[in-house]
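**Q** Below is a structure I'd like to ask you about.
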Amino acid sequence: MSARSLLTNARVVTPHGVVDGSVAIDDSRIAEIAPRSYRDGTDLRGALLMPGVIDVHTDYLEKEISPRPGAEVPLEMALHVMDLRALSCGLTTVLSAARVSPERSGAAGSWHGDGLRLAREMHRLAPQMRARHLVHVRWDTRYEPVSADLAELAALDGIGNVVFNDSLPGVRQFRDMDALVRKLALQSDLSFDAARDRMAEKISSLGAIDNRAEAAEVLRGRFPLGSHDDTTVEHVVEAHAFGATLCEMPVTIEAARKAKELGMLVCMGAPNYVRGGSDCGNLSADQAFAEGLVDMLCSDYHFPSLLACAVLMIDNGTPPAAVIALLSLNPARHLGIDAELGSIEPGKRADLTAFHPRDGYADVIQTWVDGESRFTVSDSAGVAALAH
């Protein structure tokens, strides 16, 4: 086997099973998978070699931009550190969540609240980053007019997907009206009754607005569409009618079932699986998996949980090929990039990650993007000691 670079002595996870052997890379692409090891090349010492993880939704960037409330750092610094952290966790394609809504400002710390602005900057800074980075747009369905925002959004190159987010109080994930009223009273220095009246006015005003039809007309076919926090069967049916092909973190099992019935991809948060349940009391990943409803996992807010899921699932008997479908191949299909990424197959781009399974987590030793090593450790035990 001859190629520009050779990764050998690995447990190569392909869509068809595990091959104990080697992967040859030529000109940024996978050239060959061989069922044997070689003396030459990069010795991965029996590590699992998987396609780079494709994370279709993460809120991690918020933590880097605002490490403490009210304390913001420059976006360039935040993206650089997030980029390194993603690669160290085996992620090669990352979609950072940001809203498109009427509540935007030009303040330094408002990146998460301005998806259009973040996408422009992400595209500008992309050449400086080692992994692939795009924006996961949280589209607020309860504001108008939206024609100018839609035109700008449709013209941007830094967008990965667009997901409908319903901001109407009292529906979907945030259904505890008393809690919402108490929060508003505290934030606005109002009595409970005054806050309740203001909340009722807001619900009445927003409830008359639904911009999804206009958004779908402009965006369908331009970006993959999805829906977030669907709670009822009706939510899913409506989203599907507006072109959503992704049901992202459904709140109830009924919503997840309906999404699968309609042929939508269902995405759950990896931390939900690792922790054994949702931190918000929503549908647990375990319950959704038990009914065969989950097509992919996203980091949500914690990068290491994605490959931790791989370790836990393989330990529990899940075939490795099924694991890479959850972490890489189905996310690539959702984004429309599966011809290039998402699995280890000849001809595809060599976005890869190698790791040793540990006790419930992945010890990543190397990650490649387009066949180039973008993260590597020569002594993972030493790195772990340094982290302490």
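The values are calculated or read from the model by the stated rules, or taken from the named source; none is laboratory data. These numbers come from a predicted model, not from an experiment. Here the Cβ is made from the backbone with ideal geometry for all residues, glycine too, and neighbour counts use every protein chain on show. Protein only, heavy atoms only, side chains kept; ligands, DNA and RNA dropped before computing areas. Shrake-Rupley method; radii C 1.70, N 1.55, O 1.52, S 1.80 Å.
**Q** Any residue in region 63-82 that is at pLDDT 95 or above, of a type in the set (Val, Ile, Thr), assigned to a helix (DSSP H, G or I) and out of contact with any strand residue (DSSP E or B) (no Cβ under 9 Å at 6 or more places or on another chain)?
**A** Looking through region 63-82, at least one residue is at pLDDT 95 or above, of a type in the set (Val, Ile, Thr), assigned to a helix (DSSP H, G or I) and out of contact with any strand residue (DSSP E or B) (no Cβ under 9 Å at 6 or more places or on another chain).
**Q** Next question, about the same structure. Please go through region 132-148 and pick out each residue that is over 14 Å from ARG222 (Cβ atoms) and either in a helix (DSSP H, G or I) or open to solvent by 10 Å² or more (accessible area, probe 1.4 Å) (or both).
**A** Listed by number, the residues that qualify are ARG132, HIS133, ARG138, ASP140, ARG142, TYR143, GLU144, PRO145, SER147, ALA148.
**Q** Test each condition in (1) touching an Asp or Glu at 6+ places or on another chain (Cβ under 6 Å); (2) assigned to a strand (DSSP E or B); (3) not β-branched (Val, Ile, Thr) for ALA332 and report the one that comes out false.
**A** So the condition that ALA332 fails would be (2).
**Q** How many of the residues in region 311-333 are among the hydroxyl-bearing types (Ser, Thr, Tyr) and either open to solvent by 10 Å² or more (accessible area, probe 1.4 Å) or at pLDDT below 95 (or both)?
**A** Filtering region 311-333 down to residues among the hydroxyl-bearing types (Ser, Thr, Tyr) leaves 318, 328.
Pick out the ones that are also either open to solvent by 10 Å² or more (accessible area, probe 1.4 Å) or at pLDDT below 95 (or both) and you get 318.
Result for region 311-333: 1.
**Q** To continue, here is another question. Just checking: which of the helices (runs of 4 or more DSSP H) contained wholly in region 158-226 hold 2 or more residues that are free of Cβ contacts under 8 Å to residues at least 12 places away in the same chain, more than 14 Å from GLU238 (Cβ to Cβ) and of a type in the set (S, T, N, Q)?
**A** Working: elements: 177-188, 192-206, 212-219.
In region 158-226, the matching helices (runs of 4 or more DSSP H) lie at 177-188, 192-206.
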